[in-house]
Structure formats: structure tokens, C-alpha cells
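Below is one structure, written out as C-alpha cells; the observations come after it.
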């Protein structure tokens, strides 16, 4: 039960993370899985790919297929809409971080 709740909560963080990296350079599934793991998210390809497809469907990412060593790699890049959403998400995350951080200071008093 608890893990299911955390997964739902972290889904938004994962999407922001994807947008952030897709703004820096095109990203693909295997790279994104490794990047997320480095930040403590343990998700499977079966979880990540539907997120990427959903973000593409929502107009936040565009997909370009490239042939890499005989295999088709789907690279995702942020769209203008994705940029707007990322900017807003950064602002909201910053406000939340400040509030949570201030809460830590009040608890210590």
C-alpha cells in the first residue's frame, strides 16, 4: 500500500525530471532509466515507456526515431508546451521546497 502511494506521488517528480533532461538534450528510455536510478527512482522500462508515450501524447515531448547500430532508438525532446510546463513546475517545486525547508527549521526550534 505505502509503495503504491509513493509511486503515485513520485510520478510527477519523474515527469519533471524527464522534461528537464529532454530540454538539455534528446533522451531515450534506457538512458532515462539509468538517470532516474541514479536519483533513487527504481522504475522499470514497463513503467517508464508508458510515461514517455503519455507525455508525447500530451504534447510535452516529441519523438524522433533513429537507427543506432541496427536498432531503432526513440529519442524524446521537449516541446514548447513542455518548456512552459517545466517552467511552471520548477516554480511550484521551488515554492514547495522553500515551505518544506522552512518547516524543518520550525521543527528544530
Legend entry - Whichever residue in the range 1-27 is in contact with a helix residue (DSSP H, G or I) (Cβ under 9 Å, 6 or more places away or on another chain) and closer than 16 Å to residue 74 by Cα and, among such residues, is surrounded by the fewest Cβ atoms within 10 Å (Cβ to Cβ): 23
Legend entry - Output for the range 15-37, where each listed residue is assigned to a helix (DSSP H, G or I) and within 19 Å of residue 84 (Cβ to Cβ): 15, 16, 17, 18, 19, 20, 21, 22, 23, 24
Inset, instruction - Under 8 Å between Cβ atoms, at least 6 apart or on separate chains: pull out the pairs that start in the range 50-63 with a residue that is within 13 Å of residue 21 (Cβ to Cβ) and end on any residue that is at pLDDT 95 or above and in a loop (DSSP other than H, G, I, E, B). - result: 60/79; 61/79
Legend entry - Enumeration of residues in the range 53-77 that are surrounded by 13 or more Cβ atoms within 10 Å (Cβ to Cβ) and touching a strand residue (DSSP E or B) at 6+ places or on another chain (Cβ under 6 Å): 55, 56, 61, 62, 63, 73, 74, 75, 76, 77
Legend entry - Qualifying positions in the range 38-66 - more than 10 Å from residue 76 (Cα to Cα) and in a strand (DSSP E or B): 66
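The values are calculated or read from the model by the stated rules, or taken from the named source; none is laboratory data. All values reported here derive from a predicted model rather than from experimental measurement. As a convention, Cβ positions derive from the backbone with ideal geometry for all residues, glycine included, and neighbour counts pool all protein chains shown.
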